[in-house]
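Novice: Here's a structure for you.
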Amino acid sequence: MSSRREFLKKTGLATIGVAATAAACQTENKKHISQTTTRPLAISTWKNGMQANEAGWKVLNSGGRALDAVEQGVKVVEADPNDMSVGYGGRPDRDGIVTLDACIMDETGNAGSVCALENIKHPISVARRVMEKTPHVMLAGAGALQFAKEEGFVEENILTDKAREQWLEWRKTSEYKPLINIENHDTIGMLALDQKGDISGACTTSGLAYKMHGRVGDSPIIGAGMYCDNEIGGAVATGMGELVMKTLGSFLVVELMNQGLSPQQAVEEAIGRIVKKIPGYQDFQIGYLAINKAGEVGAYSLHKGFNYALYANDNNQLIDSDYYLK
C-alpha cells in the first residue's frame with residue numbers, strides 16, 4: 001500500500017507550486033529562523049503572546065497537556081480589557097456589537113470553534129466544549145451563545161467604555177479602513193509542544209474593528225486561522241482573515257511541512273501563495289507561525305512589524321519576524 005507521501009507525489013500534489021512561489025519569498029537577510037530541539041515550547045502571535053506564553057508554560061513545565069496550555073494561555077489575553085482586538089475590551093463591529101471568534105484543536109485531530117459569539121468573555125473555552133461535548137466542529141451566533149449558557153458560561157457586557165468611545169468617534173465618519181499592524185497586534189494565535197511531543201493550537205479574536213455585523217474571519221476556521229497535525233506540526237495565522245481564508249493558509253503550511261519543507265520554508269511559501277494569487281495584497285498584513293514535531297519554528301509576514309513570543313529552554317522572548325515587502 002502506498003504511503004501518504006507517495007500518493008501525493010503520484011497525484012502531483014507534492015509540488016503544488018512550491019518551487020514557483022518559494023522564489024518570490026527569498027530574502028537577502030534572514031532576521032530570525034529559530035530552531036530548538038528541546039520540549040516543551042510555546043509560541044504565540046504578537047506582543048500579547050508573551051503573557052499567553054507565561055500562562056501556557058506553567059501547564060507545560062509541570063508536564064501538562066499542550067491543549068490545556070494553549071487554552072489557558074489565550075484566556076489571559078481574552079480577559080485583558082486593554083487588548084482591544086481579543087475578547088473582553090475588543091473593538092465592536094459597525095453596529096457597536098462585540099462579536100467573538102475562536103477555535104481550538106488537540107493532538108488527536110479533534111477541533112471545536114465558535115463564531116459571531118456575543119457576551120461571553122472566553123470564546124476559546126466555549127470552542128473546547130464544542131469539541132469535547134458535541135458532534136459538531138463549529139457553532140455560530142445565537143446557537144453558540146445558547147450552547148455556552150447551557151454549559152454554564154455567564155453572559156456579560158464585554159464592550160468596555162474605552163472601546164465604546166472609540167466606536168462613537170469612528171461613527172462620525174464611518175470610514176472602514178483596516179490598518180496594518182493596528183496597535184501592533186490583532187488575533188492571538190498560540191501553538192504548544194508538550195513534554196510528550198504532542199501539539200495543540202488555539203486562536204481567538206474579536207475580529208476586524210467596525211466590520212459588518214455578521215462578518216467572520218479566519219480565526220475560527222480550522223485550516224485557515226489555525227491547524228495542527230500531530231504527525232507533522234501546527235500553524236497559526238494573524239492579520240487580514242480574508243486573505244488567509246482564500247488560501248487556507250494554516251493547512252497549507254502544515255501540508256508543506258508534510259512534504260518536507262522546514263517550518264520557515266513553509267511559512268514563506270504560504271506568504272508567497274498570497275503574493276502570487278491575491279491582487280492588492282500590499283494593502284494588508286498577514287503573519288504566520290509554525291512548529292514541527294522536532295521543535296523547529298518558522299515565522300514570516302507580508303509587512304514589517306509582525307512579532308511573536310517564543311517560550312523555550314526556560315526563556316520567554318519577543319522576536320521580530322522576517323517579512324516579504326522590503
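The values are calculated or read from the model by the stated rules, or taken from the named source; none is laboratory data. Small disclaimer: the values here were computed from a predicted structure and weren't measured. Using ideal geometry, Cβ is built from the backbone for each residue, glycine included, and neighbour counts are taken over all protein chains shown.
Novice: Answer yes or no as to whether SER219 is polar (S, T, N, Q), part of a loop (DSSP other than H, G, I, E, B), modelled with pLDDT of 95 or more and surrounded by 24 or more Cβ atoms within 10 Å (Cβ to Cβ).
Specialist: yes
Novice: Oh, and also: Kindly list the number of the only condition in (1) in contact with a helix residue (DSSP H, G or I) (Cβ under 8 Å, 6 or more places away or on another chain); (2) farther than 26 Å from GLY112 by Cβ that fails for ALA312.
Specialist: Result: ALA312 fails condition (1) only.
Novice: Now for a separate question. Which fully enclosed strands (runs of 3 or more DSSP E) of the stretch 66-148 have 1 or more residues being at pLDDT below 95 and not hydroxyl-bearing (Ser, Thr, Tyr)?
Specialist: none
Novice: Can you pull out the residues in the stretch 195-216 that are surrounded by fewer than 24 Cβ atoms within 10 Å (Cβ to Cβ) and of a type in the set (S, T, N, Q)?
Specialist: Matches in the stretch 195-216: GLN195 only.
Novice: For ALA55, state whether it is at pLDDT below 95, surrounded by 15 or more Cβ atoms within 10 Å (Cβ to Cβ) and part of a helix (DSSP H, G or I).
Specialist: no
Novice: Scan the stretch 121-172 for residues that are more than 19 Å from LYS211 (Cα to Cα) and surrounded by 12 or more Cβ atoms within 10 Å (Cβ to Cβ) and report the count.
Specialist: Number of matching residues: 26.
Novice: Could you say whether any residue in the stretch 252-264 is in a strand (DSSP E or B) and either more than 16 Å from the chain's Cα centre (by Cα) or within 22 Å of ALA142 (Cα to Cα) (or both)?
Specialist: Scanning the stretch 252-264 turns up no residue that is in a strand (DSSP E or B) and either more than 16 Å from the chain's Cα centre (by Cα) or within 22 Å of ALA142 (Cα to Cα) (or both).
Novice: Considering only residues of the stretch 274-326 that are polar (S, T, N, Q) and in contact (Cβ under 8 Å) with a residue 12 or more places away in the chain, which is surrounded by the most Cβ atoms within 10 Å (Cβ to Cβ)?
Specialist: Only one residue tops the list, namely SER301.
Novice: Answer yes if at least one residue in the stretch 229-240 is part of a strand (DSSP E or B), at pLDDT below 95 and in contact with an Asp or Glu (Cβ under 8 Å, 6 or more places away or on another chain), and no otherwise.
Specialist: Within the stretch 229-240 (the criterion being part of a strand (DSSP E or B), at pLDDT below 95 and in contact with an Asp or Glu (Cβ under 8 Å, 6 or more places away or on another chain)), the answer is yes, since at least one residue qualifies.
Novice: Continuing with the same structure: Is it true that GLY260 is surrounded by fewer than 22 Cβ atoms within 10 Å (Cβ to Cβ), of a type in the set (Gly, Ala, Ser) and in contact with a strand residue (DSSP E or B) (Cβ under 7 Å, 6 or more places away or on another chain)?
Specialist: no
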